[in-house]
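Note sheet for the following structure.
The values are calculated or read from the model by the stated rules, or taken from the named source; none is laboratory data. Remember, predicted model here, so these are calculated numbers, not experimental data. For neighbour counting, all protein chains shown are included, and Cβ atoms are generated from backbone atoms with ideal geometry for every residue, glycine included.
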Amino acid sequence: MFPIKAIHTQLLIMKKFFPVFFLLISVTTFCQTNVVIVPQPVSMKMGTGNFTFDKATRIVASKSDMHEATMLNVYLKKLYGFTLPVKSATAATNNEHSIIFKLTSSGKKDEYHLDVDANKITIRSPSNEGLFYGMQTLLQLLPPTKENIADGFPVPAVSIDDYPRFQYRGMHLDVGRHFFDVDFIKKYLDYMAYQKYNTFHWHLTEDQGWRIQIKRYPKLTSVGGYRNGTIIGHYPGTGNDSIHYGGFYTQEQIKEIVKYAKDRFITIIPEIEMPGHASAAIAAYPQLSCFPDQSTEISPRVPWAGSRVGKQVQQAWGVFPDVFCPSEYTFKFIENVLDEVMQLFPSKYIHIGGDECPKTYWKKSAFCQKLIKEKHLKDENGLQSYFIQRIEKYLNSKGRRIIGWDEILEGGLAPNATVMSWRGEQGGIDAAEQHHDVIMTPGKYVYFDHAQTKNSDSLTIGGYLPLDTVYNYHPVPKELNDSLAHYILGAQANVWTEYMANPQKVEYMIFPRMSALSEVLWSPKDSRNLDEFKEELPDMYKRYQLWGTNYFKSLP
Ligand code: ACM
């Protein structure tokens with residue numbers, strides 16, 4: 001271990017960018033370390049000296065916080081290639097040179113306190129997730145590289161008090177347009193955990209692929225899980241790659257991922273999209289369409305691989321008119337699917353989609369028109385509302401709640417629905433005014449499929465969304481007064497993958513914007529500072545390299 005003595009201490013409150021100078025007595029060299037914690041903690045005060053983290057360091061935990069101690073070792077192994085011995089906390093335990101986890105009896109659920117001094121590191125919280133968040137902060141006090149750590153390294157003395165601003169801190173991933181394997185989903189969950197996100201919205205069904213095994217309906221994955229090709233370039237495509245493409249998660253894999261997320265205090269909200277974006281399900285079970293015998297409409301402008309006859313899994317991107325027919329067959333099918341989904345996902349919420357459902361087929365369907373009359377509905381929007389409300393009633397009867405995209409406001413909101421506002425902020429404002437919970441995901445601020453440069457350096461969709469815009473986003477719209485603001489549970493970035501065919505591209509699109517959003521969701525509004533955040537980016541980049549992730553490198 002090299003001897004280190006802090007010769008310079010700064011006391012800074014509510015400010016996270018500062019140099020810590022160490023005198024390396026043995027080599028009398030000055031080195032400088034920046035302490036960069038993202039998302040920025042509520043309060044951070046530098047102390048005197050540092051803790052020497054080396055092979056003699058021990059973790060001390062009791063039974064009730066052993067999980068967090070174990071997770072610290074999981075991350076030390078993943079990031080640095082070593083683990084530390086864990087000692088059981090007893091009254092007689094010697095805490096010298098230890099990292100101590102301690103559950104406390106009072107305080108806010110998610111808060112934690114991290115104290116580093118020359119003798120020990122202490123993480124305290126009234127909850128296990130708070131201890132986990134404190135542990136994540138500690139990881140960012142460790143070196144951003146695994147080089148030259150064999151003899152130990154200094155951890156600066158610091159005292160941090162911290163808690164989140166929003167209860168819902170989400171990342172979404174579309175695995176329908178492109179499929180991502182279990183290993184990448186686990187990586188994605190770790191990226192989320194590092195920055196204290198707590199909700200993964202897993203978009204599992206799409207026109208271009210159904211990705212979740214449903215045992216009662218095997219064709220959903222054997223047929224709906226694959227397409228015969230994919231368009232090249234933007235719609236309608238300059239060609240088709242004619243590559244048979246697809247994949248799905250088995251129920252065993254899903255259980256493994258749900259457990260992986262739970263270990264990281266991340267809830268997974270599965271999305272089973274309805275009544276639109278249903279082409280893959282309809283290709284598997286054509287009776288789900290109002291026109292089962294009619295071939296999928298494919299524009300002659302779309303270069304297509306294989307047959308254009310019969311119901312097809314889509315090979316191009318967009319919105320398609322052949323949607324779920326609101327028949328008893330469809331409702332029974334959806335209930336059966338949701339029964340299996342609920343067995344796999346313990347989350348309070350199930351996302352039922354609800355966006356981008358063209359009404360053209362419902363308009364020309366005699367069955368739908370009769371149903372509108374019978375149910376005294378106003379029009380096809382009323383029929384969509386009827387559809388969503390029936391599903392809501394079913395899920396509520398099983399103790400679950402629905403989330404839907406903001407189109408579920410049209411034709412009347414289901415009584416207990418939470419609204420995801422994506423076409424802007426108005427859907428969220430309207431829902432909050434109707435006293436419904438809201439998650440903000442407006443395209444202009446948090447659609448990470450949009451380009452990061454004005455002249456996009458790769459194929460993207462949807463326009464330009466620079467880091468600054470994400471960082472400056474405020475999830476509570478100014479239109480909402482204090483009595484309505486609490487309906488905004490938080491926000492989420494959406495990652496639609498039409499133009500993200502592999503994990504490296506996803507990583508490139510999410511970082512560093514995901515780090516910016518983590519501060520929006522976690523840090524106190526008034527302490528956020530874009531210039532400081534940008535100054536920290538080079539340090540974040542080093543952290544990304546340690547995490548093993550790709551990222552957008554052209555900043556600042
Ligand atoms: C969406 O972006 N269609 C929710």
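Looking at the stretch 381-401, is at least one residue aliphatic (A, V, I, L, M) and part of a loop (DSSP other than H, G, I, E, B)? No, the stretch 381-401 contains no residue that is aliphatic (A, V, I, L, M) and part of a loop (DSSP other than H, G, I, E, B).
Each residue in the stretch 452-500 was checked for being more than 16 Å from the ligand (Cβ to nearest atom), within 20 Å of residue 512 (Cβ to Cβ), part of a loop (DSSP other than H, G, I, E, B) and among the aromatic types (Phe, Trp, Tyr), and 1 pass.
Hey, among the residues in the stretch 512-530 that are without any contact (Cβ under 8 Å) to a residue 60 or more places away in the chain and surrounded by fewer than 23 Cβ atoms within 10 Å (Cβ to Cβ), which one's farthest from residue 548 (Cα to Cα)? Filtering first and then ranking leaves 526. Among the residues of the stretch 358-376, is any in contact with a His (Cβ under 9 Å, 6 or more places away or on another chain), within 16 Å of the ligand (Cβ to nearest atom) and not hydroxyl-bearing (Ser, Thr, Tyr)? The answer is no; no qualifying residue exists.
Can residue 343 be described as more than 16 Å from the ligand (Cβ to nearest atom), over 29 Å from residue 226 (Cβ atoms), of a type in the set (S, T, N, Q) and not in a strand (DSSP E or B)? The answer is no for residue 343.
Selection of the stretch 308-330 for residues being over 18 Å from residue 206 (Cβ atoms) and either free of Cβ contacts under 8 Å to residues at least 12 places away in the same chain or in contact with a helix residue (DSSP H, G or I) (Cβ under 6 Å, 6 or more places away or on another chain) (or both) yields 326, 328, 329. Considering only residues in the stretch 410-428 that are away from the ligand (no atom under 13 Å from the Cβ) and not small (Gly, Ala, Ser), the one that is surrounded by the fewest Cβ atoms within 10 Å (Cβ to Cβ) turns out to be 415. Taking the stretch 410-426 as the range and being in a helix (DSSP H, G or I) and either in contact with a Gly (Cβ under 6 Å, 6 or more places away or on another chain) or more than 26 Å from residue 463 (Cα to Cα) (or both) as the test, no residue passes. Modelled with pLDDT of 95 or more, surrounded by fewer than 20 Cβ atoms within 10 Å (Cβ to Cβ) and at negative phi: does that describe residue 472? Taking the combined requirement at face value, the residue satisfies it. Residue-level analysis places residue 197 outside the set of residues that are in a loop (DSSP other than H, G, I, E, B), among the hydroxyl-bearing types (Ser, Thr, Tyr) and either within 15 Å of residue 496 (Cα to Cα) or over 25 Å from the mean Cα position of the chain (by Cα) (or both).
Among the residues making up the stretch 509-556, those that are out of contact with any Leu (no Cβ under 7 Å at 6 or more places or on another chain) and among the small types (Gly, Ala, Ser) are 515, 518, 523, 527, 548, 554. Does at least one position in the stretch 444-451 carry a residue that is away from the ligand (no atom under 16 Å from the Cβ), touching a residue at least 40 places away in the same chain (Cβ under 8 Å) and of a type in the set (Phe, Trp, Tyr)? No, that holds for no residue.
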